[in-house]
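See below for the structure under consideration.
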Amino acid sequence: MKTAIITGITGQDGAYLAKLLLEKNYCVVGIIRSYNNSNLSKLQYLQIADKIKLEECDLTDIPSIINLLKKYQPHELYNLAAQSSVGLSFEQPIGTITFNSISVLNLLESIKIVDKDIRFYQASSSEMYGKVTRLPITEETPMHPLSPYAISKATAYWSVVNYRESYGLYAGSGVLFNHESYLRTDNFFVKKVIKNSLAIKQGKLHELNVGNIDIKRDFGYAPEYVKAMWLILQQPHPEDYIICSGASVSLREIILYVFNKLGISADKIISDPKLFRPTDIKDIYGDNSKAKKQLGWSYDLSFFDVLDILIEEEKKNIVA
Ligand code: NAP
């Protein structure tokens, strides 16, 4: 039986990845910040909380990581822990950049010290590319990060490349574009639109406050994207892969689709200057052909198909 460690196990991707690895018969060790304060609701929702060995570990502290690796001798380590909100990173730039980059360096250094055969997956982000001049984004596109979050992810990405090239570690990134699910936290756009639209429908909310909704993003479905994470660590050689749907959709189109489905009038959309960001990427979509060809990863959902799934799941779980 293989052992995998997942950091960020309490997050959206951590929960879906843990479910996938359990289905593949892995022993899954999940890293949490603290036993007392960790929110296990996503693991409980997927009914896997009691199947995972939870371990408290401070990822800013190398000795704790080294002890953990020695204790479990994992085959694979999936690093998903991060301050993951672009918006919040403008309010907490130092905390975001410090944690998101130092934790990765600590993990790589610990693997180098304890066992170079541990395979390492880094959750990289399309946000790293930022101000692009040419679309679609491929693995070769130059980076021009536009937020503290993007800077932190670019730093982590290059640390992974450096440990792979300098020390021969089996370390690779999945560069994931936005991916959504019922388990997304409420501060993310798509989740917020669906939850608040249902609240408008129920008469609990009057309007939907939004920032710049004329930007376009490449959105996908999280349970399908975590399959690519696993595939990335099963290859003969470590490499980086873009994981995306291949098409972008505007935030306005998403709102109008959800409103239309729920029978809500478009005049409920209220522009809120507080929700605009200092810098924003206008349009971004990727090319997933390397992942499809080399990993054998398949993905053919349009984001409107995903929205149908998300609306139905949200409705099922709605509190009356
Ligand atoms: P998420 O739901 O926000 O989960 C983030 C996880 O990181 C949580 O388990 C959280 O733990 C943990 N974490 C945050 N700050 C931490 C800290 N200072 N110390 C220890 N743990 C900390 O994010 P996600 O959507 O699952 O994304 C997983 C990873 O993929 C992240 O690295 C994210 O940046 C990256 N990514 C996500 C997307 C996307 O669209 N979802 C796209 C590209 C890349 P707590 O529960 O204790 O807060």
Find all pairs meeting these conditions: Cβ atoms under 7 angstrom apart; at least six residues apart or on different chains; first residue within the range 28-53 and without any contact (Cβ under 8 Å) to a residue 60 or more places away in the chain and open to solvent by 30 Å² or more (accessible area, probe 1.4 Å); second residue away from the ligand (no atom under 14 Å from the Cβ) and assigned to a helix (DSSP H, G or I). 51/22
Scan the range 259-288 for residues that are in contact (Cβ under 8 Å) with a residue 12 or more places away in the chain and among the polar types (S, T, N, Q) and jot them down. 271, 279, 288
I'd like to check something: does the range 116-138 contain any residue that is among the aliphatic types (A, V, I, L, M) and farther than 25 Å from residue 180 by Cβ? yes
Could you list all residues from the range 192-240 that are under 21 Å from residue 156 (Cα atoms), out of contact with any helix residue (DSSP H, G or I) (no Cβ under 9 Å at 6 or more places or on another chain) and within 16 Å of the ligand (Cβ to nearest atom)? 233
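Return yes or no: is residue 319 out of contact with any His (no Cβ under 7 Å at 6 or more places or on another chain) and loosely packed, with under 12 Cβ neighbours inside 10 Å?
Values: out of contact with any His (no Cβ under 7 Å at 6 or more places or on another chain): yes; loosely packed, with under 12 Cβ neighbours inside 10 Å: yes.
Yes.
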Residue count for the range 291-316, restricted to those that are among the small types (Gly, Ala, Ser) and either surrounded by 14 or more Cβ atoms within 10 Å (Cβ to Cβ) or touching a Lys or Arg at 6+ places or on another chain (Cβ under 6 Å) (or both): 1
Hits in the range 17-39 - residues which are under 15 Å from residue 81 (Cβ atoms) and either within 18 Å of the chain's Cα centre (by Cα) or within 13 Å of the ligand (Cβ to nearest atom) (or both): 17, 18, 30, 31, 32, 33, 34, 37, 38, 39
Of the numbered conditions (1) open to solvent by less than 20 Å² (accessible area, probe 1.4 Å); (2) within 16 Å of the ligand (Cβ to nearest atom), residue 69 fails exactly one; give the number of that condition. (2)
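Tell me, yes or no, whether the range 130-137 has at least one residue that is in contact with a helix residue (DSSP H, G or I) (Cβ under 8 Å, 6 or more places away or on another chain) and at positive phi. I'd like the intermediate steps shown before the answer.
In the first step, residues of the range 130-137 are kept if they are in contact with a helix residue (DSSP H, G or I) (Cβ under 8 Å, 6 or more places away or on another chain); the result is 130, 137.
The next check asks that each one be at positive phi; those that pass are 130.
Yes, the range 130-137 has at least one match.
The values are calculated or read from the model by the stated rules, or taken from the named source; none is laboratory data. If you're wondering where the values come from, they're calculated on a predicted model, not measured in any experiment. Glycine also receives a Cβ, built like all others from the backbone with ideal geometry; neighbour counts cover every protein chain displayed. Ligands, DNA and RNA are stripped out before the accessible areas are found, and what is left, the full protein with its side chains, is counted by its heavy atoms. Shrake-Rupley method; radii C 1.70, N 1.55, O 1.52, S 1.80 Å.
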